[in-house]
4 protein chains.
Amino acid sequence: MKINLNADLGESFGAYQMGNDPLLLKTVKSANVACGFHGGDAWVMTQTVEMALPEKVSIGAHPAFPDLQGFGRRPMHLSALELKAMILYQVGALDGIARAAGTRVSHVKPHGALNNMACENASLATVVAEAIREYDRGMILLAPVLSELAKAGTVADLPVALEVFSDRTYTDAGQLVPRSQPGAVLHDSEACVDHVLRMFEQGGIVSINGKYLPTPFHSVCVHGDNVHAAETAEKVRQGLEAVGYTIVALPEIDL
Amino acid sequence: MKINLNADLGESFGAYQMGNDPLLLKTVKSANVACGFHGGDAWVMTQTVEMALPEKVSIGAHPAFPDLQGFGRRPMHLSALELKAMILYQVGALDGIARAAGTRVSHVKPHGALNNMACENASLATVVAEAIREYDRGMILLAPVLSELAKAGTVADLPVALEVFSDRTYTDAGQLVPRSQPGAVLHDSEACVDHVLRMFEQGGIVSINGKYLPTPFHSVCVHGDNVHAAETAEKVRQGLEAVGYTIVALPEIDL
Amino acid sequence: MKINLNADLGESFGAYQMGNDPLLLKTVKSANVACGFHGGDAWVMTQTVEMALPEKVSIGAHPAFPDLQGFGRRPMHLSALELKAMILYQVGALDGIARAAGTRVSHVKPHGALNNMACENASLATVVAEAIREYDRGMILLAPVLSELAKAGTVADLPVALEVFSDRTYTDAGQLVPRSQPGAVLHDSEACVDHVLRMFEQGGIVSINGKYLPTPFHSVCVHGDNVHAAETAEKVRQGLEAVGYTIVALPEIDL
Amino acid sequence: MKINLNADLGESFGAYQMGNDPLLLKTVKSANVACGFHGGDAWVMTQTVEMALPEKVSIGAHPAFPDLQGFGRRPMHLSALELKAMILYQVGALDGIARAAGTRVSHVKPHGALNNMACENASLATVVAEAIREYDRGMILLAPVLSELAKAGTVADLPVALEVFSDRTYTDAGQLVPRSQPGAVLHDSEACVDHVLRMFEQGGIVSINGKYLPTPFHSVCVHGDNVHAAETAEKVRQGLEAVGYTIVALPEIDL
């Protein structure tokens, strides 16, 4: 029983620190590394890759809309061609840094508003999937369960790793409860662990109203905005190991 | 007798047009493509690569300081580690776009102030050369003749292509006459052609004072800031072909 | 009979040239000056103000979404508080440059996607109007006729100058025909002049289907994306002067 | 006996937090507010001004080189005209936000590399001083004691407030000991307080070698890079009040 844990990393920028990357790198096995559009810069990316290597954490690109000041969370509307080019630019940039460090980018997970929009909008999802396929047909797309993005990845014949979130609740339709609504985010570490273990027991997600939506999944996103992200991540890991799971990097998962 | 012609291309940005890329792509055989730091953006880079492919023009990365507003012409002082990371980022970004288009970046030529500083400063030159070597030991460094940058490329065991400029005159020490001085730039197409042919006849550069500095060279940079750049480039090409040279892409040159 | 002609100016950026500002400044009497978010930079803004002064062209701020690469034409979704702050930032920046040159910003006209969205969305329009009022209650809002933006300006008790476009056609509802539709843009100078004169004769706009929508207006926007913008602008000016109008700066219009 | 305490504030950017502004605003009486070029953004600037107002902390602009990723600490070389325009842009932007909040920018203090370079380079110092004078002849220039910047401010007939640093030591020539040298920065709060009180007792600065350099000064910069900045600031304040000083905003100092 193998499962992956992933987190968003490398989101510092210049003099600005964000997150607790060294701690999270002790827990997760795949890192979604910011590529300079919503966070991260060339030197932060380099340091993140170099920290991930000895921890055997696999490297993923975390491309975003060009919106550093909004941290990639603002919906933007770009042409399909521009967006595809921007994704290739970001994936290539991180892969350049990874190659220089003796490793490679092995997955892609869109960030923020780009991810949210690609989960709902099939044509945007197709743009993302095609950008990845044009770059490398063997590149893993890390996408939320039950999303248009996951579907588009399958259509594009990419290896698709499905993820669930440890600290976010789901609607009856299987989408994340919007952050603006009560109960959207689980703030307590124990609640996160329970939430994750329930999804494993059920073999799918359980909505905020108790509705069961069966789906395979390969990865748990343990990154949260709260200050206890690293601590929660470690507890989720321990909870999964306690029930017999081995935490592995994404390329070690059978997709 | 094979020689390369190179030019800076893909320097448009968003709604801003610069240069006459379609015309230059009919003349040169290697393109130094802006990577988004001093000019260019992901979509411009994509279009440039796609235009270069059918013309069999080889693709080079043209990394720069992060200074779009100054077009990469302002001297900046970055740490060696940051600068190396920025070069890898830019080369990787363009290579990502190139790979998606079914080709590859085959050379690197620094842009503007970064190039000027790396031609004079041995430690900066070493940073540039090491960034390229870390990315790919087979990547060609395109560097001015008699420069610290060319030396650093040789020390780093990179294939180094040496270039002369068609529209710039040289000091007795072999450096470009600074633009601020009279006679630095040749504005007349015929003068450029004569200048280039003289360098070929002499097997080296002839300074503005007539001093002869022997040096091999493999490429002529035909890009100029003047509006007649494409026309001048074509005349230089015709002049070289008339005396028996074949214009080839950089990877076809024996280095 | 006084009327204003306005145009978007100062949209160059660094080494990138855009538009034909010196020519347009001979024709229009009010300039909407880019403030660095979609185009323009501090030095371009300074030069634009200094060119406008001797021509007695009044200075307006042309604030935009933070999207240089998309030239401010991409819809973005920002919080009201962030957007208001960005407008104040841009208006203040231009006014700082104007004060140093011995003049002042006298009007504000939003740019691109921000303008389009504020013309349709009443709450966004209110944000724009309130930003201007907070800066200076006497500042003129230059807004399209029949728009939510114009209404919001009136509600905010700002002096509102209503504008019509010389090269754009209107729907039966009084909005601009989207550029994606045929007939949206008038490409011929004579057609532009006829279009403008018809609006003056009718005292309102005439839609693309011939529907008459009465509305006062105080200014004609003569800036177009086509290469003949300056020529068309001059013909519109001559056409208006021929029927007895005097072209004046916005602050000279009774609002 | 009136003295000012100043600190750099408003250096957060988008989702990136920096500094402990609410605490520092309880201690200092003048804030040097980042203007978006090295840190800060329109919304951060707005919040900073709104937090400063009820604390009766005077607002200063803290203009910088355009280098967010380098936090304005990288030496850059811009033309005098471009730099002057950039300073006016930044001062105007903050003043726009301040006016909307019912207050005004009352001083300017350059940031980082721009400040360092203007302290040593008389022509750069003149550019800074002239930009401020062109904006407003009554605007206070806050400049380090014994600097070229202070001299240029006096020549430009600006009100010049001289500052000393609470946590930095001085060379025998009166310049800050470079951070790269041992002893440059005082890390201990008590050491900072002693350092400041000694300068008050002596009526000048005492170099790291014990050399006494008499100079008037009007303000103490209490901002430091260390995590205890707010605590140190408060101790310096208490130390000064204990020996009879009243801490006032810059406009209340006789210059």
message: Over the stretch A:41-166, what is the relative contact order in percent, taking alpha-carbon pairs closer than 8 angstrom and at least six residues apart?
response: 23 percent
query: Dipole magnitude of the stretch C:1-137 about its Cα centre, charges +1 at Lys/Arg Cβ and -1 at Asp/Glu Cβ only, in debye to the nearest 20?
result: 380 debye
query: Counting DSSP beta bridges in the stretch A:2-252, what percent are antiparallel, to the nearest 5?
result: 20 percent
- prompt: At a 1.4 Å probe radius, carbon and sulfur cover how many percent of the accessible area of the stretch D:8-151?
  reply: 53 percent
Mean separation of Cα contacts under 8 Å, 6 or more apart, over the residue count of the stretch B:2-252: relative contact order %: 20 percent
field: Mean Kyte hydropathy of -1.0 or more with a Cα span along the axis of at least 27 Å, helices from DSSP in chain B
entry: B:80-100
- request: Sort the stretch C:2-252 into rounded, prolate or oblate with this rule: let a ≥ b ≥ c be the square roots of the eigenvalues of the Cα gyration tensor; rounded if a/c is under 1.5, and if a/c is not under 1.5, prolate when a/b is larger than b/c, oblate otherwise.
  value: rounded
query: Can you give the accessible area per residue of the stretch A:30-113, in Å², using a 1.4 Å probe?
result: 24 Å²
message: Within the stretch A:136-174, name every residue whose backbone N is under 16 Å away from a label modeled 7 Å from Cα of A:Asp254 along the Cβ vector.
response: A:160-162
query: Which residues of the stretch D:85-108 end up with at least 50 Å² less accessible area in the presence of all protein chains than when their chain stands alone, using a 1.4 Å probe?
result: D:Ala85, D:Tyr89, D:Arg99, D:Ala100
statement: Averaged over residues of A:10-23, the number of beta carbons from other chains lying within 10 Å of each residue's Cβ is 4
task: Between the label point of C:Pro75 and that of the same position in each other copy, find the distances and list them shortest first in nm, with every label point placed 7 Å from Cα along the Cα-to-C-beta direction.
output: 0.7, 4.9, 4.9
task: Show that you can apply the helix-only estimate: for chain C, add -39,500 (n - 2.57) for every DSSP H stretch of four or more residues, divide by all residues, and state [θ] at 222 nm to the nearest 500.
output: -11500 deg cm²/dmol
query: Say the dipole of the stretch C:2-252 comes from +1 at the beta carbon of Lys and Arg and -1 at that of Asp and Glu; which of C:Tyr135, C:Val222, C:Tyr170 then lies farthest toward its positive end?
result: C:Tyr135
- prompt: With heavy atoms of protein chains only and a 1.4 Å probe, what residues of the stretch B:46-71 have at least 20 Å² less accessible area in the full set of chains than alone?
  reply: B:Leu68, B:Gln69, B:Phe71
query: Going by the alpha-carbon gyration tensor, a ≥ b ≥ c the square roots of its eigenvalues, is the protein assembly as shown rounded (a/c under 1.5) or, if a/c is not under 1.5, prolate (a/b greater than b/c) versus oblate?
result: rounded
- prompt: Tell me, how many Å apart are the Cα centres for the stretch B:168-220 and for the stretch D:214-250?
  reply: 60 Å
- request: At 1.4 Å probe size, with every protein chain present, just tell me what the per residue accessible area of the stretch A:184-255 comes to in Å².
  value: 47 Å²
message: For Cα pairs less than 8 Å apart in space and 6+ apart in sequence, what is the mean separation divided by the residue count of the stretch A:1-89, i.e. the relative contact order in percent?
response: 27 percent
- request: Take peptide D:162-172, look around each residue's Cβ out to 10 angstrom, count Cβ atoms belonging to other protein chains, and average those counts.
  value: 0
- request: Please compute how much accessible surface disappears when A pairs with C, both sides summed, using a 1.4 Å probe, and round it to the nearest 100 Å².
  value: 800 Å²
- prompt: What are the label-to-label distances in nm, one decimal and shortest first, from D:Thr246 to the same spot in the other copies, with labels 7 Å along Cα to Cβ?
  reply: 5.7, 7.5, 8.9
Amide hydrogen neighbours beyond the local backbone of C:Ser207, cut-off 5 Å, H modeled: C:Tyr212, C:Leu213
message: Using a label point 7 Å beyond Cα on the Cα-Cβ vector, give me the inter-copy distances for C:Gly174 in nanometres, one decimal, shortest first.
response: 4.7, 6.7, 7.4
query: Quick one: which of D:249-255, B:140-146, D:45-51 comes out on top by average Cβ neighbours within 10 Å, and what's the full order, highest first?
result: B:140-146, D:45-51, D:249-255
- line: Counting other chain Cβ atoms within 10 Å of each Cβ in B:33-43 and taking the mean gives 4
message: With the cut-off at 1.5 for a/c, could you classify the stretch C:148-255 from its C-alpha gyration tensor as rounded, prolate or oblate?
response: oblate
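The values are calculated or read from the model by the stated rules, or taken from the named source; none is laboratory data. In this text, all values refer to a predicted model and were calculated from it rather than measured experimentally. Reconstructed Cβ throughout: ideal geometry from the backbone, glycine too, with neighbour counts over all protein chains shown. Areas reflect the complete protein model, heavy atoms only, side chains present, ligands, DNA and RNA absent. Shrake-Rupley method; radii C 1.70, N 1.55, O 1.52, S 1.80 Å.
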